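The values are calculated or read from the model by the stated rules, or taken from the named source; none is laboratory data. Remember, it's a predicted structure, so these values are computed and weren't measured experimentally. Cβ sites come from the backbone with ideal geometry, for glycine too, and all protein chains shown count toward neighbours. Protein only, heavy atoms only, side chains kept; ligands, DNA and RNA dropped before computing areas. Shrake-Rupley method; radii C 1.70, N 1.55, O 1.52, S 1.80 Å.
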Amino acid sequence: AAELGERITRSTGRANVARNTRERDAATREVEVLRKEREERQQRATDLEKGVGDVRASIARHEDDFKKLTDALAQEEAHVAARTAEIEVARDEITRARADVARKIKPDLLRRYEGIRSRRSPAVAECIDGVCRACPVSLPPQLYARLLAASDVHQCPSCQRILVVRPLNTGAVSP
(Lines give C-alpha, C1' and ligand atoms only; values in the text may rest on other atoms or scores of the structure.)
Protein backbone atom coordinates (compact mmCIF):
# COMPACT_ATOMS: atom_id res chain seq x y z
CA ALA A 1 0.00 0.00 0.00
CA ALA A 2 2.86 2.40 0.81
CA GLU A 3 4.55 1.52 -2.47
CA LEU A 4 1.33 2.27 -4.34
CA GLY A 5 1.05 5.67 -2.59
CA GLU A 6 4.60 6.55 -3.61
CA ARG A 7 3.90 5.58 -7.20
CA ILE A 8 0.76 7.78 -7.23
CA THR A 9 2.76 10.71 -5.81
CA ARG A 10 5.48 10.28 -8.44
CA SER A 11 2.93 10.03 -11.26
CA THR A 12 1.09 13.12 -9.97
CA GLY A 13 4.43 14.97 -9.86
CA ARG A 14 5.16 13.92 -13.44
CA ALA A 15 1.73 15.13 -14.56
CA ASN A 16 2.42 18.54 -12.97
CA VAL A 17 5.80 18.93 -14.69
CA ALA A 18 4.76 17.45 -18.01
CA ARG A 19 6.11 19.33 -21.02
CA ASN A 20 3.25 18.51 -23.34
CA THR A 21 -0.31 17.23 -23.29
CA ARG A 22 0.64 13.73 -24.20
CA GLU A 23 2.95 13.32 -21.20
CA ARG A 24 0.36 14.89 -18.91
CA ASP A 25 -2.43 12.55 -20.22
CA ALA A 26 -0.17 9.51 -19.80
CA ALA A 27 0.72 10.53 -16.23
CA THR A 28 -2.96 11.24 -15.44
CA ARG A 29 -4.01 7.81 -16.79
CA GLU A 30 -1.26 6.22 -14.74
CA VAL A 31 -2.53 8.03 -11.62
CA GLU A 32 -6.10 6.87 -12.33
CA VAL A 33 -4.95 3.28 -12.86
CA LEU A 34 -2.93 3.37 -9.65
CA ARG A 35 -5.84 4.87 -7.66
CA LYS A 36 -8.19 2.24 -9.06
CA GLU A 37 -5.69 -0.48 -8.14
CA ARG A 38 -5.44 0.99 -4.61
CA GLU A 39 -9.25 0.98 -4.26
CA GLU A 40 -9.40 -2.64 -5.47
CA ARG A 41 -6.69 -3.64 -3.00
CA GLN A 42 -8.50 -1.85 -0.18
CA GLN A 43 -11.72 -3.64 -1.14
CA ARG A 44 -9.91 -6.99 -1.22
CA ALA A 45 -8.36 -6.22 2.18
CA THR A 46 -11.81 -5.37 3.57
CA ASP A 47 -13.25 -8.57 2.10
CA LEU A 48 -10.37 -10.59 3.55
CA GLU A 49 -10.83 -8.99 6.98
CA LYS A 50 -14.52 -9.84 6.83
CA GLY A 51 -13.63 -13.41 5.78
CA VAL A 52 -11.14 -13.67 8.63
CA GLY A 53 -13.83 -12.47 11.04
CA ASP A 54 -16.26 -15.08 9.71
CA VAL A 55 -13.64 -17.81 10.02
CA ARG A 56 -12.83 -16.76 13.58
CA ALA A 57 -16.52 -16.84 14.48
CA SER A 58 -16.82 -20.27 12.86
CA ILE A 59 -13.78 -21.50 14.77
CA ALA A 60 -15.29 -20.24 18.02
CA ARG A 61 -18.57 -22.07 17.27
CA HIS A 62 -16.69 -25.23 16.38
CA GLU A 63 -14.60 -24.99 19.53
CA ASP A 64 -17.81 -24.72 21.57
CA ASP A 65 -19.28 -27.71 19.73
CA PHE A 66 -16.04 -29.63 20.25
CA LYS A 67 -16.10 -28.83 23.98
CA LYS A 68 -19.70 -30.05 24.24
CA LEU A 69 -18.89 -33.22 22.34
CA THR A 70 -15.79 -33.80 24.47
CA ASP A 71 -17.86 -33.43 27.63
CA ALA A 72 -20.53 -35.78 26.27
CA LEU A 73 -17.83 -38.30 25.33
CA ALA A 74 -16.33 -38.11 28.81
CA GLN A 75 -19.76 -38.73 30.35
CA GLU A 76 -20.41 -41.64 28.00
CA GLU A 77 -16.99 -43.14 28.75
CA ALA A 78 -17.70 -42.88 32.47
CA HIS A 79 -21.08 -44.54 31.96
CA VAL A 80 -19.53 -47.31 29.85
CA ALA A 81 -16.78 -47.85 32.41
CA ALA A 82 -19.35 -48.15 35.21
CA ARG A 83 -21.52 -50.50 33.16
CA THR A 84 -18.47 -52.60 32.25
CA ALA A 85 -17.57 -52.89 35.91
CA GLU A 86 -21.14 -53.99 36.72
CA ILE A 87 -21.06 -56.59 33.95
CA GLU A 88 -17.69 -57.91 35.12
CA VAL A 89 -19.02 -58.27 38.67
CA ALA A 90 -22.10 -60.11 37.37
CA ARG A 91 -19.91 -62.33 35.18
CA ASP A 92 -17.69 -63.17 38.16
CA GLU A 93 -20.76 -64.06 40.25
CA ILE A 94 -22.12 -66.27 37.48
CA THR A 95 -18.72 -67.92 37.03
CA ARG A 96 -18.53 -68.64 40.77
CA ALA A 97 -22.09 -69.99 40.81
CA ARG A 98 -21.31 -72.18 37.80
CA ALA A 99 -18.19 -73.49 39.50
CA ASP A 100 -20.25 -74.33 42.62
CA VAL A 101 -22.79 -76.23 40.51
CA ALA A 102 -20.04 -77.94 38.50
CA ARG A 103 -18.53 -79.34 41.71
CA LYS A 104 -21.84 -81.11 42.40
CA ILE A 105 -21.93 -82.83 38.98
CA LYS A 106 -20.17 -86.10 38.23
CA PRO A 107 -16.81 -85.40 36.56
CA ASP A 108 -17.45 -87.70 33.57
CA LEU A 109 -20.84 -86.07 32.90
CA LEU A 110 -19.30 -82.61 33.23
CA ARG A 111 -16.53 -83.54 30.74
CA ARG A 112 -19.13 -84.82 28.29
CA TYR A 113 -21.20 -81.65 28.73
CA GLU A 114 -18.14 -79.38 28.21
CA GLY A 115 -17.12 -81.35 25.12
CA ILE A 116 -20.56 -80.95 23.56
CA ARG A 117 -20.77 -77.30 24.62
CA SER A 118 -17.44 -76.54 22.94
CA ARG A 119 -18.83 -77.83 19.63
CA ARG A 120 -22.50 -76.86 19.91
CA SER A 121 -24.33 -74.50 22.13
CA PRO A 122 -26.57 -75.24 23.95
CA ALA A 123 -25.24 -78.66 24.95
CA VAL A 124 -28.59 -79.81 26.34
CA ALA A 125 -31.75 -80.36 24.31
CA GLU A 126 -35.30 -81.03 25.35
CA CYS A 127 -37.04 -84.17 24.12
CA ILE A 128 -40.79 -83.91 23.63
CA ASP A 129 -42.86 -86.85 22.39
CA GLY A 130 -39.74 -88.69 21.24
CA VAL A 131 -38.42 -85.78 19.16
CA CYS A 132 -35.18 -83.88 19.87
CA ARG A 133 -36.08 -80.18 19.83
CA ALA A 134 -32.54 -79.08 18.88
CA CYS A 135 -32.33 -80.99 15.59
CA PRO A 136 -35.99 -82.12 15.10
CA VAL A 137 -35.10 -85.80 14.68
CA SER A 138 -37.33 -88.57 16.02
CA LEU A 139 -35.51 -90.71 18.57
CA PRO A 140 -35.60 -94.50 18.46
CA PRO A 141 -38.47 -95.76 20.66
CA GLN A 142 -36.13 -97.73 22.90
CA LEU A 143 -33.97 -94.64 23.61
CA TYR A 144 -37.08 -92.59 24.35
CA ALA A 145 -38.29 -95.26 26.79
CA ARG A 146 -34.91 -95.17 28.59
CA LEU A 147 -35.13 -91.37 28.75
CA LEU A 148 -38.58 -91.58 30.32
CA ALA A 149 -37.29 -94.08 32.86
CA ALA A 150 -34.53 -91.58 33.74
CA SER A 151 -32.10 -94.40 34.33
CA ASP A 152 -29.08 -92.70 32.77
CA VAL A 153 -27.95 -89.64 30.78
CA HIS A 154 -28.44 -90.11 27.03
CA GLN A 155 -27.44 -88.18 23.94
CA CYS A 156 -29.34 -87.52 20.74
CA PRO A 157 -28.03 -89.86 18.03
CA SER A 158 -28.18 -87.02 15.48
CA CYS A 159 -26.85 -83.84 17.15
CA GLN A 160 -25.10 -85.51 20.12
CA ARG A 161 -26.66 -83.11 22.63
CA ILE A 162 -27.57 -84.35 26.09
CA LEU A 163 -31.31 -85.06 26.15
CA VAL A 164 -33.67 -83.96 28.91
CA VAL A 165 -37.28 -85.04 29.23
CA ARG A 166 -39.58 -82.58 30.92
CA PRO A 167 -42.29 -84.29 32.99
CA LEU A 168 -45.72 -83.95 31.44
CA ASN A 169 -48.28 -81.93 33.40
CA THR A 170 -51.52 -83.86 33.10
CA GLY A 171 -53.47 -81.28 35.02
CA ALA A 172 -54.47 -83.84 37.69
CA VAL A 173 -53.70 -82.94 41.25
CA SER A 174 -52.19 -85.69 43.33
CA PRO A 175 -53.73 -86.20 46.80
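Evaluated against (1) under 44 Å from the mean Cα position of the chain (by Cα); (2) touching a residue at least 12 places away in the same chain (Cβ under 8 Å), Leu143 falls short on exactly one condition, (1). Of the residues screened, Glu23 is not one that is open to solvent by less than 90 Å² (accessible area, probe 1.4 Å), part of a helix (DSSP H, G or I) and either of a type in the set (Ser, Thr, Tyr) or in contact with a Leu (Cβ under 8 Å, 6 or more places away or on another chain) (or both). In the condition set (1) among the aliphatic types (A, V, I, L, M); (2) open to solvent by 60 Å² or more (accessible area, probe 1.4 Å); (3) within 24 Å of Cys156 (Cα to Cα), Ala125 is compliant with all but (2). Do we have any residue at all in region 17-36 that's at pLDDT 90 or above and closer than 27 Å to Ala2 by Cβ? There is at least one residue in region 17-36 that is at pLDDT 90 or above and closer than 27 Å to Ala2 by Cβ.
Of the residues screened, Ser158 is one that is assigned to a loop (DSSP other than H, G, I, E, B) and either of a type in the set (Lys, Arg) or open to solvent by 40 Å² or more (accessible area, probe 1.4 Å) (or both). Residues of region 118-152 that are under 19 Å from Val165 (Cα atoms) and either of a type in the set (Asp, Glu) or in a helix (DSSP H, G or I) (or both): Glu126, Asp129, Pro141, Gln142, Leu143, Tyr144, Ala145, Arg146, Leu147, Leu148, Ala149, Asp152.
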